[in-house]
């Protein structure tokens, strides 16, 4: 609900001093759910945050099921089977468990079937125009990035593994297929500027990588899941970034006071 509130009050939707005041936090570190927050904005404004959250969860289930229906239609002509597949995806144990946990950003996975459609078209089918396939790939990746970056990272890992399996099973692809993949990549590249902007704002924007946020990351990855964790190379890099950020601008936004509540 922060993004609609910030836009409605002329505030920065990617930064807030309502938390971790007076330094504030970078709102892109927690999953922002940008598109879904905006979609349920009228409901949130009319009936409150609780009803808006319920609508966001319902919208995530419906859109995820519908997009998986579109994916299933590529592999079957039977609309009923595709509908059943979409329903099974939308009400799968994974989504049901995340609904119970209240993780809306993990329920909103409509972009993942769209990514699967784009990858299937680019690597296997190659029936569409390269422009359409590349734009779909870039759009789906951007939607997933502004919803949950961790799921996008998982999709990238699975995509790389899928490419390796295709190469092992089918050998070297023909020159025409490689050219098609290259043209699709060119059309998808402009969307990487959006992803790089998001990542850049996370690491170098207001409230980026403050000790409080990095402490949350370290707590999740080291203390809770692995109490006996010993610091490694990635921990060393993370600590260097935290120290540089803290030394250069420890109270850069300290002058920004929280608005008084009326």
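Please specify each residue of the stretch 186-198 satisfying the condition of being touching a residue at least 12 places away in the same chain (Cβ under 8 Å) and either surrounded by 13 or more Cβ atoms within 10 Å (Cβ to Cβ) or more than 13 Å from residue 131 (Cβ to Cβ) (or both). Within the stretch 186-198, 187, 188, 191, 192, 194, 195, 198 meet the criteria. Hey, can you tell me all the residues within the stretch 1-15 that are in contact (Cβ under 8 Å) with a residue 40 or more places away in the chain, in contact with a helix residue (DSSP H, G or I) (Cβ under 8 Å, 6 or more places away or on another chain) and surrounded by 18 or more Cβ atoms within 10 Å (Cβ to Cβ)? Residues satisfying the conditions are 4, 14.
Would you mention how many residues in the stretch 129-158 are part of a helix (DSSP H, G or I) and exposed (fewer than 15 other Cβ atoms within 10 Å of the Cβ)?
Number of matching residues: 8.
Only one of the numbered conditions (1) more than 20 Å from the chain's Cα centre (by Cα); (2) under 29 Å from residue 132 (Cβ atoms); (3) in contact (Cβ under 8 Å) with a residue 12 or more places away in the chain; (4) surrounded by fewer than 19 Cβ atoms within 10 Å (Cβ to Cβ) is not met by residue 69, and that is (4). Does any residue of the stretch 191-213 turn out to be farther than 27 Å from residue 57 by Cα, at pLDDT 85 or above and in contact with a helix residue (DSSP H, G or I) (Cβ under 9 Å, 6 or more places away or on another chain)? Looking through the stretch 191-213, none of the residues is farther than 27 Å from residue 57 by Cα, at pLDDT 85 or above and in contact with a helix residue (DSSP H, G or I) (Cβ under 9 Å, 6 or more places away or on another chain). What's the number of the condition residue 76 fails, among (1) within 30 Å of residue 121 (Cα to Cα); (2) in a helix (DSSP H, G or I); (3) more than 20 Å from the chain's Cα centre (by Cα)? Among (1) within 30 Å of residue 121 (Cα to Cα); (2) in a helix (DSSP H, G or I); (3) more than 20 Å from the chain's Cα centre (by Cα), the lone unmet condition for residue 76 is (2).
The values are calculated or read from the model by the stated rules, or taken from the named source; none is laboratory data. Bear in mind that the values here come from a model prediction, so they are computed numbers and not experimental data. Cβ coordinates were reconstructed from backbone atoms using ideal geometry, including for glycine residues, and neighbour counts include every protein chain displayed.
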